[in-house]
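The values are calculated or read from the model by the stated rules, or taken from the named source; none is laboratory data. The model shown is predicted, which means the values in this text are computed figures rather than measured ones. Glycine gets a Cβ as well: all are built from the backbone with ideal geometry, and neighbour counts include every protein chain shown. Please note that ligands, DNA and RNA were not included when accessible areas were found on the heavy atoms of the full protein model with its side chains. Shrake-Rupley method; radii C 1.70, N 1.55, O 1.52, S 1.80 Å.
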Amino acid sequence: MNILVTGGAGYIASHTCVALQEAGHNVIIADNLCNSKVESIDGIKKITNKEITFYEIDVTDEEAVDIIFSNHDIDGVIHFAGLKAIDESVRNPLEYYYNNIVSTMVLTKACQKYGVNRFIFSSSATVYGDNKVPFEETMILLPTTNPYGETKAMSERILTDIANANPAFSVSILRYFNPVGAHESGLIGETPSGIPNNLMPYVTQVAKGRLEKLCMYGNDYPTVDGTGIRDYIHVVDLAEGHVAALENLTEGVHVYNLGTGKGTSVLELVKAFEEANGIKIPYEVVERRPGDIALCYADASKAKQELGWTAKRDLIAMCRDAWRFEKNHKE
Ligand code: NAD
Ligand code: UD1
């Protein structure tokens, strides 16, 4: 299939482009490089040794999107492009609502015009809010604490309404848990700008000596060791989940958790990183981070049953691959 991958130069999408090409699909990338570099596309090409068509465009731009749909016989769209920094979304909600919602509308409009009936959307476990774990796809979504989370919940609703009105339109909404790690080649990975907000990139930068120590946000949560529990998933497993979702897509709207189903505490992740890489990670326990929840992990059984997909790579592989990329990566 010819697959339009929006945000294709980004962290999760670049790994998905590799998985798509390895599964025999052609990839067309649309990215405005607002949070990525063209080097990641070179990385994808080096890994797969295949060609990629790249459009440097903003996917909120209707005309630019139209040109791609008219130039290619597109079979499906995987819509990753989005802004994702929680704190920035609180400071600048309009930018987040505009970018993340308008992009979804522009792309679905083009799909309708050109008769493209496969659409896969990057959602987030954040839409579950503080529900009871494990999170199941059928749960009533709870309000998130930030505009970013709301853009995901709203995009899900928009896609659901469009699919309900157009029975041929097939949508797969993928709710990611906590993607970490990198391709084992070390050629593509996560490159956050500035000081990372997320745990694994912060840990790898402490390991590199760029940051002095990890600030652990609270150790008084009702969890095994008091630190927050998350469902970390290797980004290559996540990428393979997209290929499974694409190849098993049927009419209607389908929602899948893409996680491992296993919770890991902050302390456990730090220990696993130390064990995998033989590097000590100094840390200090500080106040809880506002908006954090204690527990977040998936019930991952639906994706297994319906897509035949499960995450295979363990925490040690996640830590090893994250460090391999960070170690070799030059800013
Ligand atoms: P990323 O920032 O690495 O990738 C997003 C890509 O989209 C970037 O290359 C950016 O340049 C591009 N982009 C943004 N707005 C655009 C626009 N208007 N037009 C064209 N390109 C645009 O982020 P990521 O971590 O790979 O996330 C990919 C998707 O998955 C996002 O939608 C994100 O919200 C979602 N998601 C990420 C996580 C996570 O932990 N990383 C968790 C849940 C959901
Ligand atoms: C964050 C976002 C969430 C988003 C997800 C994936 C917030 C409040 N939530 O979630 O909406 O979907 O990223 O992008 O930002 N931690 C530390 N020290 C750090 C960083 C994190 O102790 O320097 C802890 C956190 O308290 C948490 C765990 O590590 O318990 C994971 O944090 P993080 O990687 O930021 O992911 P989420 O909190 O799940």
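Close contacts from region 6-34, counting a first residue that is of a type in the set (D, E, K, R) and a second that is more than 16 Å from ligand 2 (Cβ to nearest atom), with Cβ to Cβ under 6 Å and a gap of 6+ residues or different chains, come to Asp31/Gly8; Asp31/Ala9. Residue count for region 90-104, restricted to those that are open to solvent by less than 90 Å² (accessible area, probe 1.4 Å) and either within 12 Å of ligand 1 (Cβ to nearest atom) or of a type in the set (S, T, N, Q) (or both): 9. With respect to the conditions (1) without any contact (Cβ under 8 Å) to a residue 12 or more places away in the chain; (2) crowded, with 20+ Cβ neighbours inside 10 Å, Tyr297 falls short on a single one, namely (1).
Taking region 27-77 as the range and being of a type in the set (Gly, Ala, Ser), open to solvent by 10 Å² or more (accessible area, probe 1.4 Å) and within 13 Å of ligand 1 (Cβ to nearest atom) as the test, the residues that pass are Ser36, Ser40, Ala64.
Yes or no, residue by residue, for (1) more than 10 Å from ligand 2 (Cβ to nearest atom); (2) closer than 27 Å to Ile188 by Cα:
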{"residue": "Asp220", "(1), (2)": "yes, no"}
{"residue": "Ala239", "(1), (2)": "yes, yes"}
{"residue": "Asn248", "(1), (2)": "yes, yes"}
{"residue": "Leu258", "(1), (2)": "yes, yes"}
{"residue": "Thr264", "(1), (2)": "no, yes"}
{"residue": "Glu287", "(1), (2)": "yes, no"}
{"residue": "His329", "(1), (2)": "yes, yes"}
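Looking only at residues in region 183-203 that are hydrophobic (A, V, I, L, M, F, W, C) and within 15 Å of ligand 2 (Cβ to nearest atom), the one that is surrounded by the most Cβ atoms within 10 Å (Cβ to Cβ) is Val203. Within region 265-307, the set of residues being among the small types (Gly, Ala, Ser) and assigned to a loop (DSSP other than H, G, I, E, B) comprises Gly278, Gly291, Ala294, Ala300. Against the list (1) within 8 Å of ligand 1 (Cβ to nearest atom); (2) crowded, with 24+ Cβ neighbours inside 10 Å; (3) more than 22 Å from Thr191 (Cβ to Cβ), the condition Leu4 fails is (1).
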